[in-house]
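Structure first, commentary second.
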Amino acid sequence: MSLLGLVITWLILLAIGAMLLRRLPWLAGAVVAVGLGWLAWRIWSLPQAETALLLGRQVDLASSVKMLSFTVYLGDAALAPTLLLLAWGSLFAFAGMWVDVDRVLTPAIPLILLALILSLSSTPLLWAPFWLVVAVVTMAFPAQGARPRLARAALRTLLAPVLALPFFLFAAWVLAQPTMAVDDPSLWNSAHKALVLGIAILFTPVPLHGWIVAQGDQAPPLAAAFNVGVWQITVYALLRQILLAYPAVADFADPARWLPILALGQMVWAGIFALGSQRLRQLYGYLLLWNTGANYLLWSLSGEFGTAAMSTLLAILPLSLLLPAVGLSVLDSRFGEGAAYSTLNGALERLPLASLAFLGGGFFVAGWPPGALFAPRLATFRLAHAGGRTTLLLALFSATLLTLALIRALRNLARPLSDPRLPREPRRLAWLLLPLLLVNLLLALNPSLTDVVTTRLVAWMTAL
């Protein structure tokens, strides 16, 4: 049995188990969290050999799998993002179990991860967008949730990969025929241009603005943070592999030039609209968009594909993203989804932990101490300063706008209580939020705590 075959089987079994236990959401969440955590740990502890013993079976670490006429292979370059995806899934399943969120998310997590892992394991690599489409179709279910809500988040999730898929398929068909470079050079060049267009669509602010903000504004908060986070991991790892496998792409569009422009466009756009938001959900959507742009800016400025910087960032990102997601989930349960600022009277008084989690998590995502993202954001601003004054000023401008938007939200959450019947938050919330705050503080004070994880991830991603 291959390693990827074992991963596929395990994720399908976890999804089936969570579906069967969906009437007991706390148990389903525990099963998925423990199952994904165990699989992540086993992948982390794999020996440097061709075979290993997992679940009492001999697993071939170097063999591929045939699936739906596709060949998929979990190589070293895909192991690092796979480990990150499994860790994210375990954390979000545990958080969903703890705060008793929409029961649609937990069974969907293993299936979403399965499709994303298959996209990273595709052979040839340019068939990966097919699995991305499968992944976003699966993402649409937790984005829609179990309660009646607008389908905008679910539908817009499909936008970027569906638009990019034809360009990748055309490029895959042409580049799979090396003789085409001599027989028809114009078609060969067109394939590279199509590949550039496909990559640009996955990054361009318009599709990302459409689906990321819709996720934050309409989808359940935990589902939105999970979907956006695992998408960032997958797209970064996938495009890194594409740029390594097809270096001629840089001759048509240098990522070092266009990626910072797209990242800054997302950050400034998010900052401006966040400051004008009238609801916590709107602010949350633009917070997710700003975070995406800031992460891509760090990647574009880090050099050498930003492997070490992005590995550290993506490993600690869920520790900060979980705070606003959990806080907003509790606030939604008390004030209703999409509640305007004017209706949040008494939120800080009756729901102090949820309010502070949302606001504190927002400040942490923006890079303020004592959040775990303080060191990566500071590194981003330093690299931006080295790259030019305009880049630094735009990045600081967007961060300032986002900070002002969060301060404005704080003023609205601090309105005096008007309804004494407003219920208080569950006490168990403290047992989730306080450890997250403590871990953020420890990582802010000592960023080197992640060096062990980062070193292993970088070794996998740079292995030849």
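The values are calculated or read from the model by the stated rules, or taken from the named source; none is laboratory data. Predicted model, so just to flag it, every value in this text is computed and none were measured. A quick note on method: Cβ atoms are made from the backbone with ideal geometry, for glycine too, and the neighbour counts reach across all protein chains shown.
Out of LEU441, LEU422, LEU406, LEU433, which single residue is farther than 29 Å from PHE305 by Cβ and under 21 Å from the mean Cα position of the chain (by Cα)?
Values: LEU441 fails: under 21 Å from the mean Cα position of the chain (by Cα); LEU422 fails: under 21 Å from the mean Cα position of the chain (by Cα); LEU406 fails: under 21 Å from the mean Cα position of the chain (by Cα).
Of the residues listed, the single one that is farther than 29 Å from PHE305 by Cβ and under 21 Å from the mean Cα position of the chain (by Cα) is LEU433.
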Seminar exercise, completed: Only one of LEU243, LEU197, LEU238 is over 20 Å from the mean Cα position of the chain (by Cα) and touching a residue at least 60 places away in the same chain (Cβ under 8 Å), namely LEU243
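Within region 282-311, how many residues are farther than 30 Å from ALA339 by Cα and either within 13 Å of the chain's Cα centre (by Cα) or not aromatic (Phe, Trp, Tyr) (or both)?
At the first step, the residues of region 282-311 found to be farther than 30 Å from ALA339 by Cα are 296-311.
Among the residues that remain, those that are also either within 13 Å of the chain's Cα centre (by Cα) or not aromatic (Phe, Trp, Tyr) (or both) are: 296-298, 300-304, 306-311.
Selection size over region 282-311: 14.
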Exercise. Applying the selection to region 284-333, what residues are among the polar types (S, T, N, Q) and in contact with a Pro (Cβ under 8 Å, 6 or more places away or on another chain)?
Worked result: SER300, THR312, SER329
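Sort out which residues of region 189-203 are farther than 20 Å from VAL137 by Cα and at pLDDT below 85, and write them in order of number. Even if it seems obvious, please write down each step before you answer.
Restricting attention to region 189-203, the residues satisfying the condition of being farther than 20 Å from VAL137 by Cα are 189-197, 200.
Within region 189-203, ALA200 is the sole residue that qualifies.
Against the condition acidic (Asp, Glu) and within 23 Å of ARG279 (Cβ to Cβ), how does ASP419 come out, does it pass?
Considered against the rule, which asks whether it is acidic (Asp, Glu) and within 23 Å of ARG279 (Cβ to Cβ), ASP419 comes out as yes.
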Problem set entry | Residues satisfying the stated conditions in region 376-398, i.e. crowded, with 21+ Cβ neighbours inside 10 Å and small (Gly, Ala, Ser) | ALA384, ALA395, SER398
For this session: Answer yes if at least one residue in region 243-258 is surrounded by fewer than 16 Cβ atoms within 10 Å (Cβ to Cβ) and in contact with a Lys or Arg (Cβ under 7 Å, 6 or more places away or on another chain), and no otherwise.
Result: yes
For this session: Residue by residue through region 334-369, note down the ones that are outside any helix (DSSP H, G or I), out of contact with any Lys or Arg (no Cβ under 7 Å at 6 or more places or on another chain) and either surrounded by fewer than 17 Cβ atoms within 10 Å (Cβ to Cβ) or of a type in the set (Lys, Arg) (or both).
Result: GLY336, PRO369
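Look through ARG415, ARG408, ARG456 and report the one residue that is surrounded by 13 or more Cβ atoms within 10 Å (Cβ to Cβ), in a loop (DSSP other than H, G, I, E, B) and not aliphatic (A, V, I, L, M). Give the steps one after another, and end with the answer.
Working: ARG408 fails: in a loop (DSSP other than H, G, I, E, B); ARG456 fails: in a loop (DSSP other than H, G, I, E, B).
When all the criteria are applied, what remains is ARG415.
Per-residue answers, yes or no, for (1) surrounded by fewer than 14 Cβ atoms within 10 Å (Cβ to Cβ); (2) within 28 Å of LEU239 (Cα to Cα); (3) at pLDDT below 85; (4) not hydrophobic (A, V, I, L, M, F, W, C):
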residue: LEU39; (1), (2), (3), (4): no, yes, no, no
residue: PRO47; (1), (2), (3), (4): yes, yes, yes, yes
residue: VAL59; (1), (2), (3), (4): no, no, yes, no
residue: SER64; (1), (2), (3), (4): no, yes, yes, yes
residue: ALA78; (1), (2), (3), (4): no, yes, no, no
residue: LEU86; (1), (2), (3), (4): no, yes, no, no
residue: MET97; (1), (2), (3), (4): no, no, no, no
Exercise. Given (1) among the aliphatic types (A, V, I, L, M); (2) more than 28 Å from ARG240 (Cα to Cα); (3) at pLDDT 95 or above, where does LEU287 come up short, assuming only one miss?
Worked result: (2)
For this session: Kindly indicate whether any position in region 261-268 is surrounded by 24 or more Cβ atoms within 10 Å (Cβ to Cβ) and either among the aromatic types (Phe, Trp, Tyr) or within 29 Å of GLY96 (Cα to Cα) (or both).
Result: yes
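Just checking, how many residues over region 418-440 are of a type in the set (A, V, I, L, M, F, W, C) and surrounded by 15 or more Cβ atoms within 10 Å (Cβ to Cβ)?
Restricting attention to region 418-440, the residues satisfying the condition of being of a type in the set (A, V, I, L, M, F, W, C) are 422, 429-434, 436-439.
Still in the running and surrounded by 15 or more Cβ atoms within 10 Å (Cβ to Cβ): 422, 429, 432-433, 436-437, 439.
Count: 7.
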